[in-house]
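Asker: Please see the structure below; I have some questions.
The values are calculated or read from the model by the stated rules, or taken from the named source; none is laboratory data. None of these values were measured; they are calculated from a predicted model. Cβ placement follows ideal geometry from the backbone for every residue including glycine, while neighbour counts extend to all protein chains displayed. Side chains included, ligands, DNA and RNA excluded: accessible areas come from the protein's heavy atoms. Shrake-Rupley method; radii C 1.70, N 1.55, O 1.52, S 1.80 Å.
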Amino acid sequence: MKSIIIAGGAGFIGSNFIFHMRKAHPEYRIICLDKLTYAGNLSTLRPVLEQPKFRFVKGDICDRSGVYRLFEEERPDIVVNFAAESHVDRSIENPRIFLETNIIGAGVLMDACRKYGIERYHQVSTDEVYGELPLDQPELYFTEESPLHASSPYSASKAGADLLVMAYYRTYGLPVTISRCGNNYGPYQFPEKLIPLMVTNCLNGKPLPVYGDGLNVRDWLYVEDHCKAIDLIIRKGRAGEIYNVSGHNEMHNIDIVKQICKELGKPESLITYVPDRKGHDRRYAIDTSKIRNELGWQPETEFTDGIKKTIRWYVENRDWWDDAIKRAPESAAIIL
Ligand SMILES: NC(=O)c1ccc[n+]([C@@H]2O[C@H](COP(=O)([O-])OP(=O)(O)OC[C@H]3O[C@@H](n4cnc5c(N)ncnc54)[C@H](O)[C@@H]3O)[C@@H](O)[C@H]2O)c1
């Protein structure tokens, strides 16, 4: 029986990962370590909270003694780190907490891995660490070898953590892997990110704020496909390696917003263009040959199906997102 610590498991991707692991590997003991910031929600984990092979621990990955205590008690085989401050707009307003959680926190978790010994530490990273590509050269993609060129304090903090993870591999031989994924969408995403923000604003009859000209391109992946990729990497991926993960489903932000309006039967006149985000990257796109060829991973959910499922989930789970919006800290930049 393996035991796995999932840091940040009360957030969007982490909670979906817990549900995936419960189904795919019911024999694993799962320990979720989460600080429950505004983005973490214990109610999301209700379906697993009372299960015998599941434990929830409220704690901060930056709290060294708390993290060591947990490792002492649980002696995990695997650690997957989703815990992060994850919203670019908030990082522009207040970078400090991003540096603390995303870099220092990853370092504390890896120190605990060194002290107690583990089979694998996996760092969940992002395609944003590579920076932007131009819109007029659609044939360009970032590979795992591309240099890091982060644009925002958020992506810089993620890039910093990635460098630290690779340094722990080189210096201490810690068995690490990193996945760098494109934009995820699906259930339980906090309604400050593009898709849930637009869906919930539509459902509330509020304006749909779109940055700049709306032509920024993001590469969208249904969250369950990302979870399956991480599951494969932690079991079959090679230590010391980075794997890009994406759906090869590039879309302009404005086209996503229009599709959401169409699905919900709302007029496009709700769309309002707002001044562009500072340092806003134009296009993200990554080459995923490595994970496809080496591990046989490929995305299973088409965007047309995934977006319908996601919208339906938000329509049916108003209590979840109403509550999330109420708990969100004030921000000048975010139009909830
Ligand atoms: N959402 C995306 O599209 C996307 C894409 C690529 C990579 N990622 C990465 O995946 C990871 C998860 O993203 P998400 O969208 O689920 O984020 P999220 O903001 O929904 O969840 C983050 C979780 O981490 C927890 N957390 C924050 N600070 C913590 C701390 N100091 N100690 C313990 N827990 C803490 C929060 O309470 C929350 O439950 C992040 O590392 C993010 O950079 C996200």
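Asker: Check Gln259 against each of (1) within 13 Å of the ligand (Cβ to nearest atom); (2) over 18 Å from the mean Cα position of the chain (by Cα); (3) not small (Gly, Ala, Ser) and name the one condition it does not meet.
Answerer: With (1) within 13 Å of the ligand (Cβ to nearest atom); (2) over 18 Å from the mean Cα position of the chain (by Cα); (3) not small (Gly, Ala, Ser) applied to Gln259, the lone miss is (1).
Asker: Please specify each residue of the range 1-20 satisfying the condition of being of a type in the set (A, V, I, L, M), within 16 Å of Lys228 (Cβ to Cβ) and in contact with a Cys (Cβ under 8 Å, 6 or more places away or on another chain).
Answerer: Hits for the range 1-20 are Ile6, Ile13, Ile18.
Asker: Those residues that are open to solvent by 30 Å² or more (accessible area, probe 1.4 Å) and not in a helix (DSSP H, G or I), I need them from the range 260-274; list them, please.
Answerer: Passing the criteria: Gly265, Lys266, Pro267, Thr272, Tyr273, Val274.
Asker: Here's a follow-up. Kindly list the number of the only condition in (1) open to solvent by less than 10 Å² (accessible area, probe 1.4 Å); (2) in a helix (DSSP H, G or I); (3) not aromatic (Phe, Trp, Tyr) that fails for Asp255.
Answerer: For Asp255, the failing item is (1).
Asker: I'd like the residue in the range 119-128 that is buried (at least 16 other Cβ atoms within 10 Å of the Cβ) and not in a helix (DSSP H, G or I) and, out of all such residues, is farthest from the ligand (Cβ to nearest atom).
Answerer: By that ranking, first place goes to Arg120.
Asker: Consider only pairs whose beta carbons are under 6 Å apart and that are at least six residues apart or on different chains; among these, list those whose first residue lies in the range 243-255 and is at positive phi and whose second residue is open to solvent by 20 Å² or more (accessible area, probe 1.4 Å) and outside any helix (DSSP H, G or I).
Answerer: So the pair list comes out empty.
Asker: Separate question: Filter the range 285-336 down to residues that are part of a loop (DSSP other than H, G, I, E, B) and among the charged types (D, E, K, R) and give me whichever is farthest from Gln137 (Cα to Cα).
Answerer: The selected residue is Glu330.
Asker: Since Ile233 meets every condition but one in (1) buried (at least 20 other Cβ atoms within 10 Å of the Cβ); (2) out of contact with any helix residue (DSSP H, G or I) (no Cβ under 6 Å at 6 or more places or on another chain); (3) more than 22 Å from Asn81 (Cα to Cα), which condition does it not meet?
Answerer: Ile233 satisfies every listed condition except (3).
Asker: Now a separate question. Could you list, in sequence order, the residues of the range 139-180 that are open to solvent by 60 Å² or more (accessible area, probe 1.4 Å), of a type in the set (A, V, I, L, M) and in contact with a strand residue (DSSP E or B) (Cβ under 8 Å, 6 or more places away or on another chain)?
Answerer: Leu140
Asker: Within the range 1-118, considering only helices (runs of 4 or more DSSP H) that don't extend past its boundaries, which have at least 3 residues that are within 13 Å of the ligand (Cβ to nearest atom) and open to solvent by 20 Å² or more (accessible area, probe 1.4 Å)?
Answerer: Correct list: 12-24, 96-99.
Asker: Which residues, counting only those in the range 275-291, are modelled with pLDDT of 95 or more and loosely packed, with under 15 Cβ neighbours inside 10 Å?
Answerer: The one that is modelled with pLDDT of 95 or more and loosely packed, with under 15 Cβ neighbours inside 10 Å: Ser289.
Asker: Pairs needed: first member in the range 32-58, farther than 15 Å from Ile5 by Cα; second member anywhere, open to solvent by less than 40 Å² (accessible area, probe 1.4 Å) and away from the ligand (no atom under 14 Å from the Cβ); C-beta distance under 6 Å; at least 6 residues apart or different chains.
Answerer: Here the result reads none, with nothing in the range 32-58 linked to a residue that is open to solvent by less than 40 Å² (accessible area, probe 1.4 Å) and away from the ligand (no atom under 14 Å from the Cβ).
Matching residues to (1) within 13 Å of the ligand (Cβ to nearest atom); (2) farther than 18 Å from Ile5 by Cβ:
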site: Tyr130; (1), (2): yes, yes
site: Val165; (1), (2): yes, no
site: Arg170; (1), (2): no, yes
site: Gly182; (1), (2): yes, yes
site: Ile195; (1), (2): yes, yes
site: Pro207; (1), (2): no, yes
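Asker: Can you pull out the residues in the range 209-219 that are within 12 Å of the ligand (Cβ to nearest atom) and open to solvent by 10 Å² or more (accessible area, probe 1.4 Å)?
Answerer: Arg218
Asker: Does His248 meet the test of being at pLDDT below 95 and within 17 Å of Ala285 (Cα to Cα)?
Answerer: In short, yes.
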